[in-house]
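Below is one structure, written out as structure tokens, with a few remarks after it.
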Amino acid sequence: MDAGFSAVISPLQLVKQGERLKGQLVLQVLPRLAAFSSKPATGKVDVDLQFDRGEDQQNRVTGSASACFDVICQRCLEPMSLQLDTELNMLLVDSREHVIENSNGIVCKGKMPVAELIEDDLLLAMPMFPKHQAGDCKIKQGQLKPASNNTGSNKGPNEDREDNPFAVLAVLKSGTKTGKGPGKKSGKKSGKK
């Protein structure tokens with residue numbers, strides 16, 4: 001960490017003093033986010049947090065966090081740089097009951113790591129499938145091929161195939177129209193009453 005602040009802070013004390021924290025953390029102090037990085041040792045997280053009492057006179061932290069690190073593109077499987085940005089606005093509360101009432105609250109009693117304040121919001125900002133911009137990816141849009149079916153034919157998924165598992169249903173359905181489907185008796189009469 002090369003920030004001008006400690007990795008462990010006392011948020012309520014910072015609120016009393018009206019402090020602002022601005023600096024940079026290494027990605028490794030956010031282990032859940034670092035797990036997505038192809039090079040966790042090189043990632044950086046910029047933090048700008050203001051601790052104060054909001055208009056509602058509740059302890060609050062506002063600000064922003066930005067992370068830049070390398071991930072694997074899910075389209076071409078090559079490394080790429082990913083930039084995440086998030087705005088923070090949360091209450092600092094002293095019990096879980098207050099968090100339930102205020103979904104944007106975080107329980108803080110005493111000291112806590114700065115990473116605990118920002119990691120969840122950065123994870124929520126992360127795309128489900130990180131990939132290069134369309135023009136930057138080694139695989140171009142036209143090169144993507146649909147998954148092949150088991151028969152090796154060029155027919156699409158909605159086209160009729162010999163091994164279509166629903167072909168039996170089509171036969172049964174066509175049989176009911178002629179009166180010979182399941183549950184229908186054939187024209188022969190049996191001797192039973």
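Normalised by the number of residues in the range 9-112, the average gap of Cα pairs under 8 Å and 6 or more apart makes the relative contact order 25 percent.
Roughly how many Å² is the accessible area per residue of the range 35-132, as a whole number, for a 1.4 Å probe?
Working: 5430 Å² over 98 residues.
Result: 55 Å² per residue.
The values are calculated or read from the model by the stated rules, or taken from the named source; none is laboratory data. Worth saying up front: this structure is predicted, and the values here are computed from it rather than measured. When the accessible area is computed, the model is the full protein with side chains, heavy atoms only, and any ligands, DNA or RNA have been set aside. Shrake-Rupley method; radii C 1.70, N 1.55, O 1.52, S 1.80 Å.
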